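Novice: This is the structure I want to talk about, given as structure tokens.
The values are calculated or read from the model by the stated rules, or taken from the named source; none is laboratory data. Please read these numbers as outputs of a predicted model, since none were measured by experiment. Here the Cβ positions follow ideal geometry from the backbone for every residue, glycine too, while neighbour counts run over all protein chains shown. Quick note on the areas: whole protein, heavy atoms, side chains included, nothing else; ligands and nucleic acids left out. Shrake-Rupley method; radii C 1.70, N 1.55, O 1.52, S 1.80 Å.
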2 protein chains.
Amino acid sequence: MTNNKRIQLAHGGGGKLTDELIRNVILKYLPYQPELLDSAIIENVGEKIAFTTDSYVVNPIFFPGGDVGKLAVCGTTNDLAMAGAKPLALSLALIIEEGLEIAHLERIMQSISQFAESASVKIVTGDTKVVPKGQADGIYINTAGIGRVLPQAKLGFDRICEGDKILINGTIGDHGLAIMAMRENLSFQTTITSDVAVLSQLTGELIETLGSEIKFLRDPTRAGIAGVLNDIASDAGVNILIDESRIPVNSSVKAAAEVLGFDLLNVANEGKFVAVVSERSAEQALNICKKFPEGKLANIIGQVESSSESPAVVMKTSIGGRRFVQKPYGEQLPRIC
Amino acid sequence: MTNNKRIQLAHGGGGKLTDELIRNVILKYLPYQPELLDSAIIENVGEKIAFTTDSYVVNPIFFPGGDVGKLAVCGTTNDLAMAGAKPLALSLALIIEEGLEIAHLERIMQSISQFAESASVKIVTGDTKVVPKGQADGIYINTAGIGRVLPQAKLGFDRICEGDKILINGTIGDHGLAIMAMRENLSFQTTITSDVAVLSQLTGELIETLGSEIKFLRDPTRAGIAGVLNDIASDAGVNILIDESRIPVNSSVKAAAEVLGFDLLNVANEGKFVAVVSERSAEQALNICKKFPEGKLANIIGQVESSSESPAVVMKTSIGGRRFVQKPYGEQLPRIC
């Protein structure tokens, strides 16, 4: 290892210093990987694969419940899970700000290693760039992922029809509020913790058990469940009715949302999925969720009402009224993931 | 399209503005793609795939011969090509600085579209983030790629042995010097143009024609041919002797390197590969290269000498001496790709 305790621009130059950084800091946490090759070779991937990518530019890079590394592994494996796939391999591309403490990079790598193991996925290829101080705000991480689509998966907007149930695997808004509470330096009675979690085991079991009864899966990240439900309504051409009283929410998250003026339906989640399930299998899907730690508080929050020319999402409020749920227009919470 | 001519933070929020940016600016240049899905599904990929990633943080984002978008497509498809694979699909993850002119983003997308077509590869999945002004220096792009490994490919350090020839497909140093000349505002008699190019057609034909006679391929990007040759020497445990007079160099590049004090062996290339070819097939490999525009100036620049306990790269200089060629230590040219 170099004696310097901070990342220098030269660590990104592709020479010996880059080699040292990769061998001594990055590969230390990927012990199955003798070298992080320019291209990895993967055999027997199966005939149908899912392929996805996301960049993670969250600020701050460490937050209650996780860090940018955990987010980069969970976010990308979750995107594969939402496509009905079992994650197989990830790429890991780091854009590091000059001056980042190497100890911080090590914490992030440890987190990447830990959650890649939880998701049963290997980091097989990577890239490291260093940019001048003032750019990249510590570190940006891009992960791309490859997964094997489960043969039982039959997911698509076109499969959604009247009577289908809308299921969520737990409380909403935790990730977005954990980040915002930290940025705004708010303290509540309890710390708000991000929900960032690996979802592929849970969605894998749902698909393997219920097959085509699971009609659609999506993780409500940047635009929250309002974003996902509106996408479902417009792309499937249906109305969706949800019941506010059935949506799980942590009380401290609710309080923080009120203080900060956020609508929790628009707030990002990183360990949640919205599933559209056939009416007859909805209870069984719920029971499967409850077997997993990340599905303990799962609930059926609504249903698909009828196809419609101007599809909408409507919420029955806790006090008995009804309101339209809109997809947010622009930025509510910048740099949440 | 939004009326604003510059990217706003809200374009990255995941709401309607993000949808508009993706539909009206990004997908406009990817006409085969009805929507840029969170995960793409790819069928019949074959049993053995190559998987790679790179982030592109080049400064400036437009330069003679290309831009960051062309670089992102060529760089990643070239990494697949170096693994003996035919590129199949790319992901495209944009990290955009708030305030980037949308017209600039359009130019970059057009370039991505054009060179993806040259490489016969489709952009199948993506992600868009926006970061505050001052970060990301215009735009950073990450591409990950999947390719089908050609059945004839038998590449590896372990296949390299005494007598093998070292081939390069053209002049060295053009990319690095084009960037540096622009940054330093140097003017020479002729503009120095980056060599950034798609290499997969050429390497595909080499492998399909010569099979296991092609023993190793690598693109000399960040640490130049000095980096690649030293990696070959140390990982294969051999000595390499190259002949300076046989290394193709553009005269304006040579002049610029002298002015700026760079050793061209360490300078990045973006449209070059170094191939290790069996002695008996080296001439045929050279003839194949010369059929392609990106191989017109190809040459055999040296050979593998003998296995060695302390492997080294030695260059016979133009004036008849010999010198060791070292892998550069740290940063020579920051943010070259």
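Novice: Only bridges whose two residues both fall in the stretch B:38-148 count here: according to DSSP, what percent of them are antiparallel, nearest 5?
Specialist: 70
Novice: Amide H neighbours of B:LYS215 under 5 Å, at least 5 residues apart or on other chains, H built in the peptide plane: list them.
Specialist: B:VAL276, B:VAL277, B:SER278
Novice: Rounded if a/c is under 1.5, else prolate if a/b is larger than b/c, else oblate: which is the stretch A:157-324, with a ≥ b ≥ c the root eigenvalues of its Cα gyration tensor?
Specialist: In terms of gyration-tensor shape, oblate.
Novice: Would you please give the residues with an amide H less than 5 Å from that of A:ASN269, counting only those at least 5 places away or on a separate chain, with H modeled from the backbone geometry?
Specialist: A:THR221, A:GLY224
Novice: A further question on this structure: Which shape class applies to the stretch A:79-201: rounded if a/c is under 1.5, otherwise prolate when a/b exceeds b/c and oblate if not, where a ≥ b ≥ c are the square roots of the Cα gyration tensor eigenvalues?
Specialist: The shape class here is oblate.
Novice: A further question follows. Count the DSSP beta bridges whose two residues both fall in chain A, then state the antiparallel fraction as a percent rounded to the nearest 5.
Specialist: Here the share of antiparallel DSSP bridges comes out near 75 percent.
Novice: Show that you can apply the helix-only estimate: for the protein assembly as shown, add -39,500 (n - 2.57) for every DSSP H stretch of four or more residues, divide by all residues, and state [θ] at 222 nm to the nearest 500.
Specialist: -8500 deg cm²/dmol
Novice: Among the lysines in the stretch B:212-291, how many pairs, 8 or more places apart or on different chains, have alpha carbons under 18 Å apart?
Specialist: Number of lysine pairs found: 4.
Novice: Follow-up question, since we're still on this one. For the stretch A:157-324, calculate the relative contact order in percent as a whole number, restricting contacts to Cα pairs under 8 Å that are 6 or more residues apart.
Specialist: Relative contact order comes out at 43 percent.
Novice: Tally the DSSP beta bridges in the protein assembly as shown and give the antiparallel ones as a percent, rounded to 5.
Specialist: 75
Novice: Roughly how many percent of the accessible protein surface of the stretch B:157-324 is carbon and sulfur, given a 1.4 Å probe and a whole-percent answer?
Specialist: On the stretch B:157-324, the fraction of accessible area on carbon and sulfur atoms equals 45 percent.
Novice: Related question: With +1 assigned to the C-beta of every Lys and Arg and -1 to the C-beta of every Asp and Glu, and no other charges, what is the dipole magnitude of chain B about the Cα centre in debye, to the nearest 20?
Specialist: It works out to roughly 380 debye.
Novice: Can you compute 3J(HN,Hα) from phi for each residue in the stretch B:280-288, using the Karplus curve 6.51 cos²θ - 1.76 cosθ + 1.60 with θ = phi - 60°, rounded to whole Hz and x for Gly and Pro?
Specialist: Once θ is set to phi - 60°, the couplings for the stretch B:280-288 become 5, 9, 5, 5, 5, 4, 4, 5, 4 Hz.
Novice: Let me ask another. Divide the volume of the convex hull of the Cα atoms of the protein assembly as shown by its number of residues and quote the answer in cubic angstrom per residue.
Specialist: Spelled out: Cα convex hull of the protein assembly as shown, divided by residues, is 146 Å³.
Novice: State to the nearest 20 debye the size of the charge dipole of the protein assembly as shown about its Cα centre, where the only charges are +1 on K and R beta carbons and -1 on D and E beta carbons.
Specialist: 200
Novice: Using +1 at the Cβ of each Lys and Arg and -1 at the Cβ of each Asp and Glu in the stretch B:157-324, identify which of B:SER245, B:GLY295, B:ILE192 lies farthest towards the dipole's positive end.
Specialist: B:ILE192
Novice: Taking the 0 to 90 degree range and rounding to the nearest ten, how far is the long axis of helix A:200-210 tilted relative to the main principal axis of chain A, both from C-alpha atoms?
Specialist: Computed tilt is about 40 degrees.
Novice: Another question about this same structure. Remind me, relative contact order of the stretch B:129-244 in percent, using alpha carbon pairs under 8 angstrom and six or more residues apart?
Specialist: Taking the mean separation of contacting Cα pairs over the length of the stretch B:129-244, I get 36 percent.
Novice: So what J values fall out for the stretch B:220-234 if you push phi through Karplus, 6.51 cos²θ - 1.76 cosθ + 1.60 with θ = phi - 60°, rounded to Hz, Gly and Pro as x?
Specialist: x, 8, 3, 9, x, 5, 4, x, 5, 5, 5, 4, 4, 4, 6
Novice: Among the trypsin sites (Lys or Arg not before Pro) in the stretch B:228-304, which ones are in a DSSP loop with at most 15 other Cβ atoms within 10 Å of the Cβ? Mind listing them?
Specialist: Listed in order of number, the matching sites are B:LYS291, B:LYS296.
Novice: On to the next question. So how tilted is helix A:251-260 from the main axis of chain A? Cα-based, degrees 0 to 90, rounded to 10.
Specialist: It is inclined by approximately 80 degrees.
Novice: Hey, with R₀ at 41 Å, roughly what FRET efficiency would A:SER187 and A:VAL314 work out to, going by the Cβ-Cβ distance, to 0.05?
Specialist: E(calc), rounded to 0.05, equals 0.70.
Novice: Continuing with this model, one more query. For the stretch A:84-118 and the stretch B:112-135, write down the distance between their C-alpha centroids in whole Å.
Specialist: Distance between centres, Cα-based: 22 Å.
Novice: In nm, what is the difference between 0.36 nm times the number of residues separating B:ASN44 and B:GLU208 and their Cα-Cα distance?
Specialist: Details: separation 164, 0.36 × 164 = 59.04 nm, distance 2.03 nm.
That works out to 57.0 nm of additional length.
Novice: Pop the C-beta distance of B:SER306 and A:ASP263 into the FRET formula with R0 = 56 Å and round what comes out to the nearest 0.05.
Specialist: Between B:SER306 and A:ASP263 the formula returns 0.20.
Novice: Can you tell me how the stretch B:38-148 classifies by the Cα gyration tensor, rounded, prolate or oblate, using a/c under 1.5 as the rounded cut? Display every interim value, and only then the final one.
Specialist: Values: a/c = 2.22, a/b = 1.77, b/c = 1.25.
Prolate.
Novice: If contacts are Cα pairs under 8 angstrom and at least 6 residues apart, what is the relative contact order of chain A in percent?
Specialist: 22
Novice: Whenever you get a sec, line up A:LEU260, A:LEU100 from highest to lowest accessible area (probe 1.4 Å, protein heavy atoms).
Specialist: A:LEU260, A:LEU100
Novice: What does the accessible area of B:LEU206 come to, in Å² to the nearest 10, when a probe of 1.4 Å is used?
Specialist: In the full protein context, B:LEU206 sits at about 0 Å².
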